[in-house]
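The values are calculated or read from the model by the stated rules, or taken from the named source; none is laboratory data. Keep in mind it's a predicted model, so treat the numbers as computed, not measured. Note: ideal-geometry Cβ built from the backbone for every residue, glycine included; neighbour counts use all protein chains shown. Each accessible area value is taken on the protein alone, full model and side chains, heavy atoms only, with ligands, DNA and RNA left out. Shrake-Rupley method; radii C 1.70, N 1.55, O 1.52, S 1.80 Å.
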Amino acid sequence: MSYQTYQHNRNYGCRVMEFVYEGHRCVALENEKLRVTIVADKGTDIFEFLYKPRDVDFMWRTRTGLRERSHFLPSSPRAAGLHADYYEGGWQEMFPNCGDLSMHQGAEIGQHGEVLLLPWLYTITKNEPEEIEVRFEVRTVRTPFYLIKTVGLRRNEGVLRISERVTNEGGQEVDFTWGHHPALGWPFLDENCRVDVPECSIITLAEHTPASSRLKADQTSPWPMAEGVDGRQVDLSRIPGPDSAASDMVFLSGMNEGWFAVTNTAKKIGFAMRYPVDVFKRLWYWQVYRGGRDYPWWSATYNIALEPCASLPILARAVERGEALKLSTGESLEIEMMAIAFEGLDKVSAVTAEGEVKSDA
């Protein structure tokens, strides 16, 4: 005979919790290894990606954090949009624009797109001790897209599985770009961390090279060594400490596989991601080591983000370069991704389609 006749209200195995935090509906997916908190009322931001065995949350949090938006009114409208004013850190979805303000097909789209500030509907579609899934959905406002995102956990796995479908509900072909923005921060991130990616090229662009950057602008170099402003080589696979007071922005291109891994070699713990490289052909690598001057960072932050994106910034320029994605009336595009917490490695050589993080060291 079983100890209980029910399992819907459980505190073991895979489980889902719904709650309100700072005025936002949130959904927490949890199993023995992970707790992943998603802000349904703000873009399905992943606010928390906690690896429970070590009490390590990989997600970076900003100084301002998640705030109830009805209680905060900006002192003036920001031309690029409200993202930076409400940015709490964590992991955002960028759609249908990646980067700063863009005007295309008559639609003005702010920084990093529409969906990251919109409330999403959600439904718990699977709720068993062995597996949970939650389906989120949203329709954009200035563009005619319908997005469905399903996220899930399986028992005893440190893997978050994500599947998405975007559909054009308009009566004409519509251009877009697409990306994901997982930001990692201290205390997971420090000078003991290394970044591993497949073979690729490093691209720096003058317009996206901060004044405090360590890197020479307008270069293309093989990973991981880039040319510094002083002519010396900079190893971008190694994370510097806060004393570097630097801020760098590079775009990694030419990958044959879509994955990255960030490993803290002292703590022997890491965060990895697997994504479709045929859709996300660029991997943006944003780095702020107490070197983000003035608004909005004020030299206060220590964080990186490795961002799978369909193009270089921004939508309008992606169209000009022939990089933009496009969908005809009623057409859809589907993707699958995984985010993985792992232990015991110093260096990563691959992240497989099954979610296995490998090392040949």
(request) Can you work out the PRE-style zone for Arg317? Point 7 Å along Cα to Cβ, and I want the residues of region 241-266 with backbone N under 17 Å. (result) 248-253
(request) Step through the residues of region 233-241 one at a time and calculate ³J(HN,Hα) from phi using the Karplus curve (6.51 cos²θ - 1.76 cosθ + 1.60, θ = phi - 60°), rounding each to whole Hz and writing x for Gly and Pro. (result) 7, 10, 8, 7, 7, 10, 8, x, x
(request) Roll a 1.4 Å probe over the protein heavy atoms and report the accessible area of Lys281 in Å², nearest 10. (result) 120
(request) Can you send over the carbon and sulfur percentage of the accessible area for region 149-189, probe radius 1.4 Å, protein chains only? (result) 42
(message) Per DSSP helix of 4 or more residues, -39500 (n - 2.57); summed, then divided by the residues of the chain. What does that give at 222 nm, rounded to the nearest 500?
(response) -500 deg cm²/dmol
(message) Taking only Cα atoms of the chain, what ratio of Rg to Rh do you get with Rh as the Kirkwood inverse-distance radius?
(response) 0.96
(message) Which aspartates and glutamates, if any, have their Cα less than 19 Å from the Cα of Lys358, not counting same-chain residues under 8 positions apart?
(response) Glu157, Asp196, Glu199, Glu257, Glu343, Asp346
(request) Could you grab the Rg to Rh ratio for region 301-361? Cα atoms only, Kirkwood for Rh. (result) 1.11
(request) Hey, for a label at Lys326 modelled as a point 7 Å past Cα toward Cβ, could you say which residues of region 105-121 have their backbone N under 18 Å away? (result) 105-107
(message) Tell me the per residue accessible area of region 116-269 using a 1.4 Å probe; a whole number in Å² is fine.
(response) 41
(request) Evaluate E = 1/(1 + (r/R0)^6) for Ser163 and Glu199, where r is the Cβ-Cβ distance and R0 equals 35 Å; express this FRET efficiency to the nearest 0.05. (result) 0.80
(request) Provide the FRET efficiency to the nearest 0.05 for the Asn9-Asp85 pair, computing r from the beta carbons and using R0 = 51 Å. (result) 0.85
(request) Return the lysines within reach of Lys216: Cα separation strictly under 26 angstrom, same-chain partners fewer than 8 residues apart disregarded; answer none if there are no such residues. (result) Lys281
(request) Using a 1.4 angstrom probe on the protein heavy atoms only, line up Val16, Val141, Val195 by accessible area, largest first. (result) Val141, Val16, Val195
(message) Among Ser76, Ser163, Ser247, which one shows the highest mean-square fluctuation when the chain is modelled as a Gaussian network with alpha-carbon springs under 10 Å?
(response) Ser76
(message) Compute a Gaussian network model of the chain, connecting alpha carbons closer than 10 Å, and tell me which residue from Ser212, Ser75, Ser244 fluctuates the most.
(response) Ser75
(message) I want to make sure I understand the PRE zone here: with the label point 7 angstrom from the Cα of Glu191 toward its beta carbon, which residues in region 237-265 have backbone N atoms less than 13 Å away?
(response) 239-246
(request) Calculate, in nm to one decimal, what Ser76 and Asn256 gain on full extension: separation in residues at 0.36 nm each, minus their alpha carbon distance. (result) 60.4 nm
(request) Pull out the extension gain between Asn127 and Val141, defined as 0.36 nm times the separation in residues minus the alpha carbon to alpha carbon distance; nm, one decimal. (result) 1.9 nm
